[in-house]
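The values are calculated or read from the model by the stated rules, or taken from the named source; none is laboratory data. Quantities reported herein were computed from a predicted structural model and do not represent experimental measurements. Cβ coordinates were reconstructed from backbone atoms using ideal geometry, including for glycine residues, and neighbour counts include every protein chain displayed. Please note that ligands, DNA and RNA were not included when accessible areas were found on the heavy atoms of the full protein model with its side chains. Shrake-Rupley method; radii C 1.70, N 1.55, O 1.52, S 1.80 Å.
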Amino acid sequence: MINILKERFNNNMKRHINIIWDDVEKKIESKEEILNILQKMEDTGGEPDVIGLTEDGRIIICDCSKETPIKRRSLCYDEKALKSRTKNPPLGDAISLAKEIGINILNEELYFKLQSLDEFDLKTSSWIETPNYIREKGGALFCEKRYGKIFVFHNSADSYYSVRGFRGYLLV
């Protein structure tokens, strides 16, 4: 996993200007739990890569696949939505799968940050963290990029489409 990350890091330097690979490697090497999470991100099609640092110096590793990760699509938003879907339910939900992988679903701020680094979700869309006041009314938010613009949309949380999944991130 470290070799995959290092190669992706070196091939996409515009995503992490002023971050040195050796600093990243020191934070993840020999940390079995982090390496397992990164492997799950990779296995589900996320193509994790470093996209920045938090204010307190933690490394942000995010799904950087061009389209929403292929093995994380056709999911409704959360478990509550999944349980409410009585006809034709999907196989799972985004929030539960993110938790199972060990990552957080992107929020709107991180989604926009990711899009500032490259172009993503030109043919797919990604569920994003939804504020409680929207979720309590049965809705959920998702994003995509079309016509050179990032769009934030809403849908009922129990909806699912073959081109909608989710992106996640890990702080190290």
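Data overview
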item: Accessible surface of the chain [probe 1.4 Å, protein heavy atoms]: carbon and sulfur percent; result: 50
item: Solvent exposure, largest accessible area first (probe 1.4 Å, DNA, RNA and ligands not counted), of SER30, SER84, SER125; result: SER30, SER84, SER125
item: Long-range HN-HN contacts of THR124 with modeled amide H, under 5 Å; result: THR68
item: Local net charge near SER84, Cβ-Cβ under 15 Å (Lys/Arg +1, Asp/Glu -1); result: +1
item: Sparse-neighbourhood loop sites, GluC sites (Glu not before Pro) in segment 25-130 - DSSP loop, at most 14 other Cβ within 10 angstrom; result: GLU29, GLU55, GLU119
item: Lysines whose Cα lies under 17 Å from that of LYS137, excluding same-chain neighbours fewer than 8 positions away; result: LYS80, LYS83
item: Amide H partners (placed H, <5 Å) of GLY139, local residues excluded; result: ALA157
item: Accessible surface, the chain, averaged per residue in Å² (probe 1.4 Å); result: 54
item: GLU33-ASN3 FRET efficiency (beta carbon distance; Förster radius 25 Å; 0.05 resolution); result: 0.85
item: Sites PHE151 and LYS66, calculated FRET efficiency, Cβ-Cβ separation with R0 22 Å, nearest 0.05; result: 0.80
item: Farthest positive-ward along segment 56-172 dipole, Cα basis, beta-carbon charges - from PHE112, THR86, ILE60; result: THR86
item: Approximate spin-label separation SER84-TRP21, in nm, with each point projected 7 Å along Cα-to-Cβ; result: 4.7
item: Solvent-accessible area of ARG15 with every protein chain in place, 1.4 Å probe, in Å² to the nearest 10; result: 20
item: Radius of gyration, Dmax [segment 37-172; alpha carbons; angstrom]; result: 14.0, 46
